[in-house]
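The values are calculated or read from the model by the stated rules, or taken from the named source; none is laboratory data. Here the structure is a predicted model, which means the values were calculated and not measured. Cβ placement follows ideal geometry from the backbone for every residue including glycine, while neighbour counts extend to all protein chains displayed.
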Amino acid sequence: MFLGHFAMGVGTKPFAPKLPVWVLLLAPQFMDLLFMPLVALGVEGYEPGPYGHDVLNALYTHSLVGAVVISLGAYAIGRYAWKTVRSGLILGGLCFSHWIIDLFVHHQDMPLLPGNLGGFPKLGLGLWDYEYVIFGLEVVMAVVGVGLYARWSMQARPSARWYIGPLIVTVLFGLMIMGDVPRLPPL
């Protein structure tokens with residue numbers, strides 16, 4: 001649901017006109033942005049697989065408590081950098097939306113506590129097993145997100161160049177979609 005996370009961010013632009021689009025695109029990915037260096041350090045793990053079947057060992061960044069802590073950090077960044085509670089809430093909410101979406105699509109690999117402290121059952125409803133449904137949902141989320149952003153851009157910037165930002169995001173999303181197609185299983 002990589003594209004879906006980005007789509008959540010760009011679709012939020014009408015509700016966060018003061019926040020730059022690049023920040024809104026990155027906010028839902030804060031968990032993964034912290035996950036990657038932890039993979040490089042050997043603290044967490046990642047093995048690529050077919051679409052929706054990557055093997056993740058994200059016991060810290062993708063735990064419920066870890067997601068709350070990272071989201072609070074995103075809130076603090078938004079509150080400090082843009083000097084409004086609203087900006088903090090939007091960034092924190094977008095960050096936590098990552099965990100909510102992952103709860104539905106991940107297999108049972110998301111612990112409640114960091115490092116799976118306590119050995120509680122891991123969470124995940126496993127909708128990645130329905131690859132084409134989830135892929136279609138991601139594409140729909142991308143179309144809706146870009147549509148919301150384009151509509152806002154056209155109204156907020158009534159100039160001849162209102163479409164440049166939405167066009168760049170559309171190209172980026174198109175490249176992500178094309179990158180995922182070869183990873184889908186044969187029909």
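Of the residues that sit in the stretch 70-95 and are aliphatic (A, V, I, L, M) and touching a residue at least 24 places away in the same chain (Cβ under 8 Å), which one is surrounded by the most Cβ atoms within 10 Å (Cβ to Cβ)?
Going through the stretch 70-95, the residues aliphatic (A, V, I, L, M) turn out to be 70, 72, 74, 76-77, 81, 85, 89-91, 94.
Subsequent filtering for residues that are touching a residue at least 24 places away in the same chain (Cβ under 8 Å) retains 70, 74, 90-91, 94.
On the way: I70: 24, A74: 26, I90: 24, L91: 30, L94: 27.
Taking the candidates together, the pick is L91.
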- Message: Being over 19 Å from P182 (Cα atoms) and surrounded by 12 or more Cβ atoms within 10 Å (Cβ to Cβ) is the requirement here; does L137 meet it?
- Response: no
- Note on the structure: Those residues of the stretch 110-158 that are farther than 30 Å from P185 by Cα, assigned to a loop (DSSP other than H, G, I, E, B) and of a type in the set (G, A, S) come to a total of 2
- Apart from one, (1) in a helix (DSSP H, G or I); (2) surrounded by fewer than 17 Cβ atoms within 10 Å (Cβ to Cβ) all hold for R161; the odd one out is (1)
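Condition first: of a type in the set (G, A, S) and either modelled with pLDDT of 95 or more or surrounded by 14 or more Cβ atoms within 10 Å (Cβ to Cβ) (or both). Now tell me which residues in the stretch 22-69 satisfy that. Talk me through it step by step, then tell me what you get.
Step one: filter the stretch 22-69 for residues of a type in the set (G, A, S), giving 27, 40, 42, 45, 49, 52, 58, 63, 66-67.
A27, A40, G42, G45, G52, A58, S63, G66, A67 - these are the residues of the stretch 22-69 that are of a type in the set (G, A, S) and either modelled with pLDDT of 95 or more or surrounded by 14 or more Cβ atoms within 10 Å (Cβ to Cβ) (or both).
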- All conditions in (1) of a type outside the set (S, T, N, Q); (2) at pLDDT 95 or above; (3) surrounded by 18 or more Cβ atoms within 10 Å (Cβ to Cβ) are true of G147 except (3)
- Query: Taking F30 and the conditions (1) assigned to a loop (DSSP other than H, G, I, E, B); (2) in contact (Cβ under 8 Å) with a residue 60 or more places away in the chain, which numbered condition does it fall short on, given that it satisfies the others?
  - Reply: (1)
- If you check L91 against the conditions, is it in a helix (DSSP H, G or I), within 17 Å of P28 (Cα to Cα) and either among the charged types (D, E, K, R) or out of contact with any Asp or Glu (no Cβ under 9 Å at 6 or more places or on another chain) (or both)? yes
- State which residue is nearest to K13 (Cα to Cα) when the search covers only the stretch 157-187 and only residues that are aliphatic (A, V, I, L, M) and modelled with pLDDT under 90. A160
- Considering only the stretch 13-27, state which residues are more than 14 Å from G165 (Cα to Cα) and either in contact (Cβ under 8 Å) with a residue 40 or more places away in the chain or of a type in the set (D, E, K, R) (or both). F15, A16, K18, A27
- Item | Residue count for the stretch 29-45, restricted to those that are in contact with a strand residue (DSSP E or B) (Cβ under 6 Å, 6 or more places away or on another chain) and not small (G, A, S) | 2
- Query: So which of A142, A150, A160 ends up being of a type outside the set (D, E) and within 17 Å of the chain's Cα centre (by Cα)?
  - Reply: A142
